[in-house]
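S.K.: I have a structure I would like to understand better, so I am pasting it below and will then ask my questions one at a time.
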Amino acid sequence: MPNRNYGLKKKILLIGTGGTIASAVTEDGLTPELTTEQLLTHIPAIFDHCQADCLQLLNLDSTNITPLHWLRMAQCIQTHYNDYDGFVLTHGTDTMAYTAAALSYLIQGSPKPIVFTGAQKPIGFDSTDSKTNLMDAFRCASEDMPGVSIVFNSKVIPGTRAKKTRSKSFQAFSSINYPYLGIFRDGVLLRYIRQECGEAPVFYETLNTKVALLKLVPGMGREAADYLLERNDALIIESFGVGGLPESSGFYHCVDEAMKAGKTVVLTTQVENEGSDVGVYHVGHALKNQLGVLEAYDMTTEAVVAKLMWILGQTKERKEVERLFYTPVAKDILWPIAASEIPLHSAAAPRQHPFRSISSAANQEGTAVPP
Ligand code: ASP
């Protein structure tokens with residue numbers, strides 16, 4: 001990189017992992033090829049704002065990103081943590097929400113910003129969102145914005161709350177069941193919420209990848225769940241509505257057997273907004289109150305996947321899994337009971353609505369509501 005006089009500018013490390021933003025047109029389709037240095041040549045104005053160093057960790061379509069890569073990203077940030085004021089990671093949009101959630105568990109309480117961004121169109125295209133997103137990500141990483149976030153289309157979304165909700169247009173990500181942390185107006189960050197942090201982050205180095213996800217379709221039998229439970233330590237079932245399982249398909253026994261065998265079963269919903277409440281209907285009541293399955297409440301499926309990998313990387317002890325699952329990390333869940341008060345089977349728990357600690361206005365994207 002050219003030698004420039006940076007004065008007191010913030011020092012930001014750009015970590016490249018690939019994605020559309022770094023892609024070039026090839027005969028075989030868009031392929032990540034551009035280096036982080038090449039990305040920065042498209043936004044020279046960035047050097048007026050901060051000092052940027054480059055590190056090319058990966059150059060992959062995010063479809064090819066695995067939990068091993070999540071660990072490498074976290075390790076990379078840990079290695080360079082003390083040398084920089086903030087971190088920008090460029091990443092494909094397809095699995096960015098999973099990676100941002102995973103990094104939220106692998107690096108907890110970071111006082112420094114760890115900002116993911118990417119784009120729907122490559123940086124070399126005439127019409128592209130790459131430059132704005134990358135500039136905004138650097139701006140965010142230079143501010144007092146602790147923790148892991150995604151900056152995309154002028155929005156700052158907590159790493160645990162992001163979901164890719166549009167496959168083509170620039171507004172690719174939504175913040176699910178949580179307001180934006182901030183927005184950009186004319187390149188200026190308007191900060192709504194500052195994530196809590198410690199004096200130093202806590203880094204984790206282990207994930208258990210034996211976590212499977214099953215999306216129910218009407219009429220499905222228990223066979224797919226049996227298959228996945230045999231081969232994994234945890235199964236997340238994306239059910240219908242607020243949650244439940246088909247009653248005539250043997251699912252109850254499947255879940256019962258799996259839990260007796262020490263597996264973790266989590267029910268969540270296919271509905272994008274507002275989350276689960278499994279005990280409400282007959283189809284979920286016994287699962288929740290007799291078997292004691294866990295439920296996602298307002299967590300995204302991406303966050304549930306990453307959280308289970310993080311938890312089961314540390315323990316398989318049932319009570320501890322449950323305690324950790326319901327303990328909020330980086331605003332991933334608004335379940336209001338202190339984790340230590342949650343009984344193993346929540347039948348004994350007073351019925352409380354999981355969203356009560358946040359105003360209903362927060363369900364509208366972009367509404368600034370203090371947590
Ligand atoms: N397939 C690309 C990826 O996720 C899509 C993108 O970056 O927008 O790497």
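S.K.: Restricting to DSSP H runs of at least four residues, report the calculated mean residue ellipticity at 222 nm for the chain, -39500 (n - 2.57) per run over all residues, nearest 500 deg cm²/dmol. List each step's numbers first, then the result.
M.R.: Details: 10 runs with 92 residues, N = 371.
So the calculated ellipticity at 222 nm is -7000 deg cm²/dmol.
S.K.: Using 7 Å Cα-to-Cβ label points, what is the A45/K260 separation (nm, one decimal)?
M.R.: With each label placed 7 Å out from Cα toward Cβ, I get 6.5 nm.
S.K.: OK, next. Give me the number: length gained by fully extending D126 to M220, i.e. 0.36 nm times residue separation minus the C-alpha to C-alpha distance, one decimal in nm.
M.R.: Numbers: separation 94, 0.36 × 94 = 33.84 nm, distance 4.66 nm.
Working it through step by step, the gained length comes to 29.2 nm.
S.K.: Among I157, I46, I123, which one moves the most in a GNM of the chain with springs linking Cα atoms closer than 10 Å?
M.R.: Answer for the Gaussian network model of the chain: I46.
S.K.: How would segment 34-167 be classified by its alpha-carbon gyration tensor: rounded, prolate or oblate, with rounded meaning a/c under 1.5 and the a/b versus b/c comparison settling the rest?
M.R.: Because its axes are fairly even, with a/c under 1.5, segment 34-167 counts as rounded.
S.K.: Residue by residue through segment 189-200, what is 3J(HN,Hα) from phi via Karplus (6.51 cos²θ - 1.76 cosθ + 1.60, θ = phi - 60°)? Round to whole Hz and write x for glycine and proline.
M.R.: Values, residue by residue: 7, 9, 8, 8, 9, 9, 5, 5, 8, x, 6, 9 Hz.
S.K.: What is the sum of charges around P111, taking Lys and Arg as +1, Asp and Glu as -1, for the other residues whose C-beta is under 14 Å from the C-beta of P111?
M.R.: Values: positive: K10, K112, R194; negative: D85, E143, D144, E196, E199.
Its environment carries a net charge of -2.
S.K.: A follow-up question, please. Please work out whether segment 168-244 counts as rounded, prolate or oblate from its C-alpha gyration tensor, where a ≥ b ≥ c are the square roots of the eigenvalues and a/c under 1.5 means rounded, while otherwise a/b larger than b/c means prolate and anything else oblate?
M.R.: Oblate shape, in that a/c is at least 1.5 and b/c is the bigger or equal ratio.
S.K.: For the chain, what is the largest minus smallest coordinate of the Cα atoms on each principal axis, given in angstrom and ordered from greatest to least?
M.R.: Between the extreme Cα coordinates on each principal axis of the chain lie 66, 46, 35 Å.
S.K.: What are the ³J(HN,Hα) couplings of segment 26-36, residue after residue, when phi is run through the Karplus curve with 6.51, -1.76, 1.60 and θ = phi - 60°? Round to Hz, x for glycine and proline.
M.R.: 10, 4, 9, x, 4, 9, x, 9, 6, 7, 4
S.K.: Sticking with this one: For the chain, set up a GNM with springs between Cα atoms under 10 Å and report which of D136, D332, D48 has the largest fluctuation.
M.R.: Comparing D136, D332, D48 in a Gaussian network model of the chain, the most mobile one is D48.
S.K.: So, one more: Could you pull out which residues in segment 68-90 have an amide N less than 15 Å from a spot 7 Å beyond the Cα of R191, following the Cα-Cβ vector?
M.R.: Zone members listed by number: 85-87.
S.K.: While we're on this one: List the pairs from K155/K307; K164/K260; K164/K215; K263/K288; K215/K307 whose alpha-carbon separation is above 27 Å, in the order I gave them. Present the calculation step by step, with values, prior to reporting the outcome.
M.R.: Values: K155/K307 24 Å; K164/K260 35 Å; K164/K215 17 Å; K263/K288 15 Å; K215/K307 18 Å.
Over 27 Å Cα-Cα: K164/K260.
S.K.: Mean-square fluctuation check for the chain, GNM, Cα pairs under 10 Å: which of A258, A306, A45 is largest?
M.R.: A45
S.K.: Can you tell me the mean projection area, over all orientations, of the convex hull of segment 58-114's alpha carbons? Units nm², please.
M.R.: 3.7 nm²
S.K.: Let me ask you something else. Taking H placed 1.01 Å from N in the peptide plane, check which residues at least 5 places from K215 or on another chain put their amide H under 5 Å from its amide H.
M.R.: E238
S.K.: Can you give the extra length, in nm with one decimal, that the chain gains between N64 and K11 once fully stretched, where that is 0.36 nm per residue apart less the Cα-Cα distance?
M.R.: 16.1 nm
S.K.: First select every other residue whose beta carbon is under 13 angstrom from the beta carbon of G284; then total the charges, Lys and Arg +1, Asp and Glu -1. All intermediate terms of the calculation are to be shown ahead of the outcome.
M.R.: Numbers: positive: K288; negative: E247, D277, E295.
Local net charge: -2.
S.K.: Around L14, which amide H atoms from residues at least 5 apart in sequence, or from another chain, sit under 5 Å from its own amide H, with H modelled in the peptide plane?
M.R.: The answer is D53, C54, L55, V88.
S.K.: Keeping the other protein chains in place, figure out the carbon and sulfur percent of the accessible area of the chain, with a 1.4 Å probe. Write out the running numbers ahead of the final one.
M.R.: On the way: 7660 of 15580 Å².
After summing per-atom areas, the C and S share lands at 49 percent.
S.K.: Still on this structure, I have one more. Tell me the net charge near P246. Cut-off is 13 Å between Cβ atoms, P246 excluded, with +1 for each Lys or Arg and -1 for each Asp or Glu.
M.R.: -1
S.K.: Still on this model: Quick check: from the Cα gyration tensor, does segment 20-87 come out rounded (a/c under 1.5), prolate or oblate?
M.R.: oblate
The values are calculated or read from the model by the stated rules, or taken from the named source; none is laboratory data. If you're wondering where the values come from, they're calculated on a predicted model, not measured in any experiment. Note: ideal-geometry Cβ built from the backbone for every residue, glycine included; neighbour counts use all protein chains shown. Quick note on the areas: whole protein, heavy atoms, side chains included, nothing else; ligands and nucleic acids left out. Shrake-Rupley method; radii C 1.70, N 1.55, O 1.52, S 1.80 Å.
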